[in-house]
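*Asks:* Shown below is the structure under consideration.
Laboratory data are not the source of any read-out in this text; all were calculated from the coordinates shown. None of these values were measured; they are calculated from a predicted model. Using ideal geometry, Cβ is built from the backbone for each residue, glycine included, and neighbour counts are taken over all protein chains shown.
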Amino acid sequence: MQKGNRSGWYWLFIIPFIATLWPPFYASYRPTLGGFPFMYWYLILWIFLVAILSGIIYFIDNR
Amino acid sequence: MTFLGFFASRWHRGNLNLIEEWGLAGRRFGTFVTWFLLGGDLYTAYTFIAVPALVYGTGAFGFFAVPYTIIVFPIMYVVIPRLWRVSKRHKYVTAADFVRGRFDSSLLALAVAITGILATMPYIALQLTGIQAVLAVMGLGGSGFMRDLPLIIAFLILAAYTYNSGLRAPALTAILKDTLIYVTVIVACIAIPIELGGYGHIFHVAATTLAAHKGAAILPPKLYTAFSTLALGSAFALLLYPHAVTGSLGAKGGHIIQRNAALLPLYSLALTFIALLGYMAIAAGIHTKDTSLVVPLLFIKTLPTWFAGFAFGAIAIGALVPAAIMAIAAANLFTRNIYREYFMKEDGPNREAHVAKIVGLVVILGALLFIVAIPLQYSIYFQTLGGIWILQTVPVIMFGLYTRWFHRWALFIGWLFGMFLGTWMAAAESFKTSIYPLHLGHSVILGYAGIWAILVNIIIVVVLSLVFNAMHLSNGQDHTERSDYTTEPGAVAAQ
């Protein structure tokens, strides 16, 4: 497998760190979604986003 | 399940008298099996019991587990394939093997190995709290020897099949275990909220009840730093736990690990809903002082008996799989980095595997003794310490994967200080929490002791590296090459 110089894309992985490790972004009850307070559905959303991000970078890595 | 464990020795048959075969299953696992194996590491029976218990007791703070298991995968994607490639190239079985080759220092390798073994032992013991909690609720608690009997039987089965099949045994049983766990989680998170009047109602009741008990359903500002540092530190530590390293090195390629980094978040999703069981327990009016009983009590109260039984079985099996991986990982460390380094007289790979198998047994029996003879509370204390300790190996292993600029003696001294400081901080909090209040002038910052310790660790490593490198103190011979980290070695011929 050839890696080339694609690891610059890895810097995108900084985004989930900032988004999930900075509680002021999400420590609130509203807006709720399906009964879930904001803090909970926001973090659940990030589980999906991090999976999608890893998937995209995997495809770039193995292009 | 037992049958499956023994059958595993025949699956992808290899020579089980070699430590690479016994302890890493010949590095042959594909995406599917690695997913279950690493997922099984990530959330164990202890997680199933402890995370909802923390949420039940403190509220939003317990959800640090969610950002923790979100950011762990980017770290895994970037860092662990490097470890896999260099390990494959040089036949390293443990992280300490790598450290020895990279820094030409058996002392540094010993430090990493001992940290790993110390952190793993109480973790194995804690897996049993899952089984114990389930048994207690089912009324099979008993007393004295009878209380421990089911545990002893479970552990004897575990010991026998681990001895026989090595890493293949937990890999196969992990598939069964996680299928049961996923079914349990999906059913519980649909059926229980219907029973209790929906998620909106559950959150509402939890928020009101927690507010009356010093908890909060939304993270209060004074806990922001504690929440974030605990998530960050736990994420880095998780990947360096010996069982995580063993699970990763068992993969057949670095790209398998990367693919898994994209697929494993499904486990984080399950973990989030497992954590929510803590709120469901509050809404269902479960009252218990022993928070480890929260989930079993909730299941008994809200689910049909037959399904609660199914869920309890899932939790019990869920304890055995990670325990087996942990025992194998500890055995690999002992054999490769302590026994072979300091005690082995006659050479030979067969002897290594033989010793590893025996040590695996000793580790499992040791964990059993731990749980039968020592009060549970001590295992939990050690587990808290274990995470702090493992985190102190980050500079040696993770930095070492990228650069050799850091001096081996600087890394050793930094590790030593990190271990002492982390332990001291936890002791100052009577081991009840890993959150240590740092006093800076007039303000107090709550943070994970492991993070405070590793900050000091890193500062020492950087400063001393500058000094030692300026003094031209020997930094040993690097046995690895730059390309070992970036190029994928050829696929296993024996596929």
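*Asks:* May I ask you to derive the relative contact order of chain B, considering only C-alpha pairs under 8 Å and at least 6 residues apart, and to give it as an integer percent?
*Replies:* 31
*Asks:* Any chance you could list the semi-axes, whole Å, largest first, of the equivalent ellipsoid that the Cα gyration tensor gives for segment B:241-363, using √(5λ)? Please report the intermediate quantities before stating the final value.
*Replies:* On the way: eigenvalues 313, 74, 28 Å².
So the equivalent ellipsoid measures 40, 19, 12 Å along its semi-axes.
*Asks:* Nearest 10 degrees, 0 to 90: what angle lies between the long axis of helix B:224-240 and the longest principal axis of chain B (Cα atoms)?
*Replies:* 50
*Asks:* Which value in Å is the Kirkwood Rh of segment B:2-387 over different Cα pairs?
*Replies:* Roughly 21.2 Å, rounded to one decimal.
*Asks:* Which of the chymotrypsin sites (Phe, Trp or Tyr not before Pro) found in segment B:424-482 are in a DSSP loop and have at most 14 neighbouring Cβ atoms, other than their own, within 10 Å?
*Replies:* Those that pass, being in a loop and sparsely packed, number zero.
*Asks:* Next up: Once the piece of chain linking B:GLU429 and B:ASN164 is laid out straight, how much longer is it, given 0.36 nm per residue of separation minus the C-alpha distance between them?
*Replies:* Full extension of this stretch gives 91.2 nm more.
*Asks:* Under a point spin-label approximation (7 Å from Cα along Cα-to-Cβ), what is the B:LYS301-A:LEU12 distance to one decimal in nm?
*Replies:* Inter-label distance under the simple model: 4.5 nm.
*Asks:* Please determine, in degrees from 0 to 90 and to the nearest 10, the orientation of helix A:38-61 with respect to the longest principal axis defined by the Cα atoms of chain A, where the helix direction is its Cα long axis.
*Replies:* For A:38-61 against chain A, the angle is about 10 degrees.
*Asks:* Next up: Ranked highest first by the average count of other Cβ atoms within 10 Å around their residues, in what order do A:56-63, B:74-81 fall? Don't jump to the answer; show the numbers that get you there.
*Replies:* On the way: A:56-63: 14.9, B:74-81: 22.0.
The most tightly packed comes first, giving B:74-81, A:56-63.
*Asks:* Averaged across the residues of B:252-261, what count of C-beta atoms belonging to other chains lies within 10 Å of each residue's C-beta?
*Replies:* For this peptide, the per-residue mean of nearby foreign Cβ atoms is 3.
*Asks:* Would you please name the trypsin sites (Lys or Arg not before Pro) within segment B:226-317 that are DSSP coil residues with at most 16 other C-beta atoms within 10 Å of their C-beta?
*Replies:* The qualifying sites are B:LYS289.
*Asks:* How well do other chains shield peptide B:215-226, expressed as the mean number of their Cβ atoms within 10 Å of each residue Cβ? Walk me through the numbers on the way to the answer.
*Replies:* Numbers: counts 0, 1, 4, 10, 6, 2, 3, 0, 2, 5, 1, 1.
That average works out to 3.
*Asks:* Another one. As an exercise, take the mean of 1/r over every pair of distinct alpha carbons in the protein assembly as shown, invert it, and state the Kirkwood radius in angstroms.
*Replies:* Every distinct Cα pair counted, the radius reaches 23.9 Å.
*Asks:* Report the antiparallel proportion of the DSSP beta bridges in chain B as a percent, rounded to a multiple of 5.
*Replies:* On the way: 6 of 8 bridges.
Beta bridges within chain B, antiparallel portion: roughly 75 percent.
*Asks:* Given the pairs B:LYS88/B:LYS252; B:LYS177/B:LYS252; B:LYS214/B:LYS432; B:LYS301/B:LYS432, which span a C-alpha to C-alpha distance of over 19 angstrom in this model?
*Replies:* Cα-Cα > 19 Å for B:LYS177/B:LYS252; B:LYS301/B:LYS432; rest within.
*Asks:* So for each of B:193-202, B:322-331, B:218-227, B:166-175 I average, over its residues, the number of other beta carbons within 10 Å; can you give me the resulting order with the highest mean first?
*Replies:* In descending order of packing, they fall as B:322-331, B:166-175, B:218-227, B:193-202.
*Asks:* Let me know the Kirkwood hydrodynamic radius for segment B:21-80, please, with Cα pairs as the basis and the value in Å to one decimal.
*Replies:* Evaluated on segment B:21-80, it is 13.6 Å.
*Asks:* For chain A, list log₁₀ I(q)/I(0) at each q in 0.16, 0.18, 0.30 Å⁻¹, using the Debye formula over Cα point scatterers of equal strength and ignoring solvent, two decimals each.
*Replies:* -0.61, -0.70, -1.22
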